[in-house]
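See below for the structure under consideration.
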Amino acid sequence: MAYCVAQTIYRIWFRPLSKFPGPPLLAATYVPFVYLNHARGTWVRRMPALHRKYGPAVRIGPNHIAFDGSIGWPEVYGHRKGGQEEFGKPPGPYPGDEKSLINAPKDVHRRQRRQLSHAF
């Protein structure tokens with residue numbers, strides 16, 4: 001029992017992620033997230049309310065931070081700046097997967113994107 005109390009206090013106030021705002025109950029345990037997401041299915045409606053209340057970066061679990069689109073979207077999906085490396089691609093688990101659009105090498109990926117762009 002003392003260990004659980006000490007762990008909760010550490011997670012809420014002393015962990016490095018404690019600098020991010022968010023509900024203390026979500027910072028202490030994953031139980032509310034699991035219940036709202038898997039049992040009730042209302043987590044997607046709760047997230048915008050949390051972002052309105054706490055800002056663009058919200059702590060939603062002991063080890064998780066949720067960012068709204070204003071922070072994460074341009075960084076992940078925006079255009080690369082000159083000389084900036086692209087995100088790496090993990091090797092596919094299946095043989096021949098390197099020919100798919102997602103896991104293709106850079107030159108093959110570029111060619112496939114050009115061919116598919118006319119459909120959009």
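The values are calculated or read from the model by the stated rules, or taken from the named source; none is laboratory data. Because the structure is predicted, anything quoted here is derived from the model rather than measured. Virtual Cβ from ideal backbone geometry, glycine too; neighbours counted across all protein chains shown. All accessible areas refer to the heavy atoms of the entire protein, side chains included, with ligands and DNA or RNA removed. Shrake-Rupley method; radii C 1.70, N 1.55, O 1.52, S 1.80 Å.
Before moving on, here are some points about what is shown:
- Identity of the residue in segment 23-35, open to solvent by less than 70 Å² (accessible area, probe 1.4 Å) and outside any helix (DSSP H, G or I), that ends up nearest to ALA57 (Cα to Cα): PRO23
- Neighbours by Cβ (under 6 Å, 6+ apart or cross-chain): first from segment 1-24, under 24 Å from ARG46 (Cα atoms); second open to solvent by 60 Å² or more (accessible area, probe 1.4 Å): ILE12/PRO24; PRO21/TYR54; GLY22/TYR54
- Residue that is nearest to ARG11 (Cα to Cα), among those in segment 61-85 that are assigned to a strand (DSSP E or B) and open to solvent by 80 Å² or more (accessible area, probe 1.4 Å): HIS64
- Given (1) modelled with pLDDT of 85 or more; (2) loosely packed, with under 12 Cβ neighbours inside 10 Å, number of the condition LEU101 does not satisfy: (1)
- Of the residues in segment 36-53, none is touching a residue at least 40 places away in the same chain (Cβ under 8 Å) and surrounded by 15 or more Cβ atoms within 10 Å (Cβ to Cβ).
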